[in-house]
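Enquirer: Let me begin by handing over the structure; questions about it come next.
The values are calculated or read from the model by the stated rules, or taken from the named source; none is laboratory data. All values reported here derive from a predicted model rather than from experimental measurement. Neighbour counts are summed over all protein chains in view; Cβ atoms, including those assigned to glycine, are modelled from backbone coordinates with ideal geometry.
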């Protein structure tokens, strides 16, 4: 879309031009149109009747429509009946389960949370109550609303107490055997027509669904942490998921104030699958010369809220790590063995003070040097441009593979995932829009160059990306 598109002030009756815009640039009204030239306007300016110009406005105009397009599922008829959701069950009262439950009670939906022990249940319910107390103390909700929300939550130690729920969301740790056992039990407990959802972030939903006699009722609802804050919801469509379950889930996401994107089943789905490629290159880069803080600075300066190593420290380096089976074969293994497991232990790739301010660690630098030496890699100066390309271009290529495999409906859906789930800068539109702005031919050329230099098939551009580049068009 051209960046000088005209938006009449009368397009949405009753809405006025945002006062905030007048502080950002000079403007004048011409025939009912506000003409403003600013570099970084808020995205909702488009609904206020504004003509935006400037180098970053096209990306934000694009995203305005991308978000709305994500709700449209081509193969589901508009008249498909939806299932009623009046009561929700959540399995797991940890950080994720508690956050998921808060989404429900925030809009008046009663929730039953199930845990395996009273201590875990009390701890989880206590965190939820404390979160609402903090919100009330800041005047964001009334005391009456605080009591009402807490009153909508019921705790239990029995899965059988979920028998009357219309939607049950499993939010336990990422272990396939555990999840399959839960779904097998739910199959004999949940009422007919109940939607059974997994919050898995990467596991095979089809395998989970196969643990039941009703795979048509199983869907993935991948919330992003903190679940009561993050706007994105990846709705994961299994190979046997019924269309009315998909439509109900997409509508329900809107009801709980989430932006939903429908994705297919693959390791990591859309967001994490692309993230894996970036993290892999970041690990490779630090063996070649740049230190973690140098890589992170490039990604931060590009516009993301944090780089790959700060993100790893925030999430916890011990996710998926096992002390008993660790052989110290990776930098992460070594850090975890030293109890440098991220922010929560005060050290990871960075050292952290009491305010969690990160500083580069000489211990980590020494470990990186040791691994680089073992791999026979000499340190070299690597430009910021190369760091950025090697972190971002594999993501673009992976996004193209996802489209090629039919696991996302449209390129703009991928961009919605990355803006709302990972903090991709809105003014860059998302990784696929960013690729269009660079030119797909340039992306392909860079990928081929790195493939030639390294001999690594990791860099091979996928068929769809090459075809679009040869046609001289972008992702549509």
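Enquirer: Would you please name the residue that is surrounded by the most Cβ atoms within 10 Å (Cβ to Cβ), looking only at residues in the range 255-277 that are within 25 Å of residue 87 (Cβ to Cβ) and in contact with a strand residue (DSSP E or B) (Cβ under 7 Å, 6 or more places away or on another chain)?
Expert: 260
Enquirer: Go over the candidates 278, 257 one by one and state the one that is outside the structural domain of residue 419 (by the TED database), on the phi > 0 side of the Ramachandran plot and in contact (Cβ under 8 Å) with a residue 12 or more places away in the chain.
Expert: 257
Enquirer: Okay, moving on. Working carefully through the options 289, 264, 328, find the one that is in contact with a helix residue (DSSP H, G or I) (Cβ under 9 Å, 6 or more places away or on another chain) and within 22 Å of residue 430 (Cα to Cα).
Expert: 264
Enquirer: Return the only residue of 105, 90, 114 being surrounded by 17 or more Cβ atoms within 10 Å (Cβ to Cβ), over 19 Å from residue 173 (Cα atoms) and in contact with a helix residue (DSSP H, G or I) (Cβ under 8 Å, 6 or more places away or on another chain).
Expert: The conditions single out 105.
Enquirer: Could you check residue 304 against (1) touching a strand residue (DSSP E or B) at 6+ places or on another chain (Cβ under 7 Å); (2) assigned to a loop (DSSP other than H, G, I, E, B) and say which number it fails?
Expert: That leaves (1) as the condition not met.
Enquirer: Among the residues of the range 193-216, what is the count of those that are farther than 13 Å from residue 245 by Cα and either more than 18 Å from the chain's Cα centre (by Cα) or modelled with pLDDT under 95 (or both)?
Expert: Matching residues across the range 193-216 total 10.
Enquirer: Another question, then. Name every residue in the range 174-197 that is farther than 21 Å from residue 251 by Cβ and either touching a residue at least 24 places away in the same chain (Cβ under 8 Å) or buried (at least 24 other Cβ atoms within 10 Å of the Cβ) (or both), in order of residue number.
Expert: Residues satisfying the conditions are 174, 176, 179, 180, 181, 182, 183, 184, 185, 186, 187, 189.
Enquirer: Further, regarding this structure: Go through 239, 288 for me and flag whichever is surrounded by fewer than 19 Cβ atoms within 10 Å (Cβ to Cβ), in contact (Cβ under 8 Å) with a residue 12 or more places away in the chain and within 30 Å of residue 381 (Cα to Cα).
Expert: It is 288.
Enquirer: Go through the range 344-368 and give me each residue that's more than 15 Å from residue 284 (Cβ to Cβ), at pLDDT 95 or above and in a helix (DSSP H, G or I).
Expert: 345, 362, 363, 364, 365, 366, 367
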